[in-house]
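The values are calculated or read from the model by the stated rules, or taken from the named source; none is laboratory data. None of the values given here were measured: they were computed from a predicted structure. Ideal geometry is used to build each Cβ from the backbone, glycine not excepted, and the neighbour counts take in all protein chains shown.
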Amino acid sequence: MTQDSGQGQPPGRPTVADFTDAVRFAVRAPSIHNTQPWRWELAGGVLSLRADRSRQLAVADPDGRAVLLSCGGALSLAVLRLAAAGWVTEVARLPEPGDRDLLARVRVTGRQPPEPVTVARAAAAERRRTERRPFRPDPLPAEVLDRLAAAAADDAGVYGFVVEQADQRLDLAVVMSWADKVESTDPAYRAELARWVGQQAETAGEGVPASAVPHVEPGRPRHTDVPVRDFEAGTRGAQELAGEVDEQPAYLVLLSRGDGPEQRLRAGEAYLRVSVEAERLGLASSAMTQALDLPAVRERARTLMAWADHPQMILRVGYPPTTSAPVESTPRRPLSAVLTVHDEPTDQPGP
């Protein structure tokens, strides 16, 4: 990567303020139930990302897969913010095998003018929200689906697969329904969901507030071909739906060649790239993880869908609902709770 100062770019090294800005942007990343399971540390000019296992969901995330996916999304946003500001970075993922919670180190190696597409992606990432309401029923063009799948791909074996065939969508609906039943009939799951979804999120800076949960009237089920997670199992939603919509969104599955910690971390990065690209295209998106939460259910989904590789995330993507009410941003914890600055940035060897 180019490491000169770049025309029109101020010389020098990033300051604490530059890294703080990157972390402030990074914590906008979505996470399962908005648990925000990350910690950041700045020391010697190196920004480190750590998993916060105290925020791992014991029931919905027993093997910590969602923690890694969530942290991967935050990592993607931190790097994007620095790039949009003209900083060139190097990322070392899982740099210390003996420290499983140290997920990445980010080091700035130089300056260069940001590409316009990078600036546009950063702007889209700032606008991006999780859309839990029904999408408009209009199908997405094939070229749009191709762009979303391309955004998912990396050189480490993560890629996107669009569920297009009718029998595949039916199989996906079956496994989602089964996963919903497994989770929703588990009292421990319902208690955990109630802990993270509800009015307390407004003041705690975490969790999913009732204002972000669509309310479905009893006896009037949501018209969608693949079931979405029922957050009203934890609280009554305050987000009213505008009429009945027969939504048929696109379903994009993120798969990885392997299923180790790095692949899961990278899948989280891919999730952010896809959702940001969707925002750039004027689309809405949200994650559907219930079929992948539990290891046994995840393996059954993989078998039923005949996926040779490992499913890490399922996204629903479509045209946003026709409504004047924008999606509200879910709360975030204060930066002081997630970022520790040990000293000023200095010249240090690579991560």
Can you tell me which condition GLY160 does not meet? The list is (1) buried (at least 22 other Cβ atoms within 10 Å of the Cβ); (2) at pLDDT 95 or above; (3) under 23 Å from PHE25 (Cα atoms), and all the others hold.
(3)
Among ALA125, ALA149, the single one that is modelled with pLDDT of 90 or more and either assigned to a strand (DSSP E or B) or closer than 20 Å to SER31 by Cβ (or both) is ALA125
Looking at region 106-117, is at least one residue of a type outside the set (A, V, I, L, M) and under 20 Å from the mean Cα position of the chain (by Cα)?
no
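Quick grid of which residues meet (1) at pLDDT below 90; (2) not charged (D, E, K, R):
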residue	(1), (2)
ALA238	yes, yes
PRO261	no, yes
LEU265	no, yes
GLU269	no, no
VAL274	no, yes
ARG280	no, no
LEU283	no, yes
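Does VAL253 fit the bill of being outside any helix (DSSP H, G or I), closer than 30 Å to LEU102 by Cβ and at pLDDT 95 or above?
yes
Yes or no, residue by residue, for (1) closer than 24 Å to GLU126 by Cα; (2) touching a Pro at 6+ places or on another chain (Cβ under 8 Å); (3) among the β-branched types (Val, Ile, Thr); (4) assigned by TED's automatic domain parsing to the domain that holds ARG298:
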{"site": "ILE32", "(1), (2), (3), (4)": "yes, no, yes, no"}
{"site": "GLN36", "(1), (2), (3), (4)": "yes, no, no, no"}
{"site": "TRP40", "(1), (2), (3), (4)": "yes, no, no, no"}
{"site": "LEU57", "(1), (2), (3), (4)": "no, no, no, no"}
Being at pLDDT below 95 and not in a loop (DSSP other than H, G, I, E, B) is the filter here; which residues of region 25-72 pass it?
ILE32, HIS33, ASN34
Please identify the pairs in which a residue from region 47-60 that is under 24 Å from ALA291 (Cβ atoms) has its Cβ atom under 7 Å from the Cβ atom of a residue that is in a strand (DSSP E or B), counting only partners at least 6 apart or on another chain.
ALA51/TRP38; ALA51/LEU103
Single unsatisfied condition, ALA278 versus (1) out of contact with any Leu (no Cβ under 7 Å at 6 or more places or on another chain); (2) in a helix (DSSP H, G or I):
(1)
Would you mind finding the one in ASP154, ASP167, ASP146 that is farther than 18 Å from ALA306 by Cα, out of contact with any Lys or Arg (no Cβ under 7 Å at 6 or more places or on another chain) and among the acidic types (Asp, Glu)?
ASP146
When every residue in region 244-287 that is under 17 Å from ASP154 (Cβ atoms) and among the hydroxyl-bearing types (Ser, Thr, Tyr) is compared, the one surrounded by the fewest Cβ atoms within 10 Å (Cβ to Cβ) is SER256
Are there any pairs, at least 6 apart or on different chains, whose C-beta atoms fall under 8 Å, with the first in region 158-187 and in contact (Cβ under 8 Å) with a residue 12 or more places away in the chain and the second in a helix (DSSP H, G or I) and of a type in the set (Val, Ile, Thr), and if so, which?
GLY160/VAL274; VAL175/VAL297; TRP178/VAL297; ALA179/VAL297; VAL182/VAL297
Matching residues in region 52-68 - criterion: being surrounded by 22 or more Cβ atoms within 10 Å (Cβ to Cβ) and touching a strand residue (DSSP E or B) at 6+ places or on another chain (Cβ under 6 Å)
VAL67
Criterion violated by GLU328 - all others in (1) touching a residue at least 40 places away in the same chain (Cβ under 8 Å); (2) in a helix (DSSP H, G or I); (3) surrounded by fewer than 18 Cβ atoms within 10 Å (Cβ to Cβ) satisfied
(2)
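Can you tell which of ALA120, ALA83, ALA150 is surrounded by fewer than 16 Cβ atoms within 10 Å (Cβ to Cβ), touching a strand residue (DSSP E or B) at 6+ places or on another chain (Cβ under 9 Å) and at negative phi?
ALA150
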